[in-house]
């Protein structure tokens, strides 16, 4: 898939006409990533808007305890970085989860596009609405939801974003360690291991080579209902 075809699939540019998306593709440059490569650190100047073309990227923050907390995972087509929302500095750190490629758009070029194409500004507002909603859900979950509910909600979110049919269910399109899951839902590693092991024994999920497949989504969805 060439760059123009790829940009057609990026939600940030859905409000643009096909010719307009073709016109802007030359503004991007590609950055190749190795696994576990730091893209930017919390506090760095937000000089680029990043779009994942290949691979996965995690956004992390250090907890007061020193433990790494995963705030978000971005898959191909997702835009991220403080400059996306016109912040002067990155509020968290971005690290590649696997080898991949980013499309990078300079902050000044990005601002010029927002002025030139007002529909892009509406896409940014929608993006902000979605992420604020997700952040509110996470905060509410940490305060009130059972850990099992938070883990199930995380698996559904990742399945909706990266999942593909296979192995009798929906296979998540990224490798996650038990520690990754624990960090993303705010629980201990031991608790994450216990929950996932029980679900695997019950036939709700399957884990193979670090990839989780949801086998029985309907039963897992029962955990999202008020208890």
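One Cα centroid belongs to region 7-48, the other to region 154-181; the line between them spans 24 Å.
Just so you know, the Rg over Rh for region 147-224 is 0.91, from Cα atoms, with Rh as the Kirkwood radius. Could you give log10 I(q)/I(0) at q = 0.17 Å⁻¹ for region 68-132, computed by the Debye formula over C-alpha point scatterers of equal weight, without solvent? Debye intensities relative to I(0), on a log10 scale: -0.70. When the chain is treated as a GNM with alpha-carbon contacts under 10 Å, the residue of 55, 186, 26 showing the greatest mean-square fluctuation is 26. Rounded to the nearest 10 degrees, the inclination of helix 107-116 to the longest alpha-carbon principal axis of the chain is 70 degrees. For the pair residue 35 and residue 128 in one chain, pulling the backbone fully straight at 0.36 nm per residue adds 30.7 nm over the alpha carbon distance. Computed from Cα atoms, the angle from the helix 118-144 axis to the main principal axis of the chain rounds to 20 degrees. Which residue fluctuates most in the GNM of the chain (Cα springs below 10 Å): 164, 57, 147? Evaluated over the chain, the most mobile residue of the options is 164. Taking every DSSP helix (H) stretch of at least 4 residues in the chain, weighting each as -39,500 (n - 2.57) and dividing the sum by the residue count yields a mean residue ellipticity at 222 nm of -12500 deg cm²/dmol. Projecting label points 7 angstrom from Cα along Cα→Cβ for residue 200 and residue 2 puts them 4.5 nm apart. Between 81, 169, 203, the residue with the greatest mean-square fluctuation in the GNM of the chain (Cα pairs under 10 Å linked by springs) is 203.
Average the reciprocal distances over every distinct pair of alpha-carbons in the chain, invert the result, and give the Kirkwood radius in Å. Mind dumping the intermediate values first?
Numbers: mean 1/r = 0.0533 Å⁻¹.
Roughly 18.8 Å, rounded to one decimal.
The numbers here are math on the coordinates, done by the rules we state, and not lab data. Everything numeric here is computed off the predicted structure, so don't read it as measured data. With ideal geometry, Cβ positions are generated from the backbone for all residues, glycine too; neighbour counts draw on all protein chains shown.
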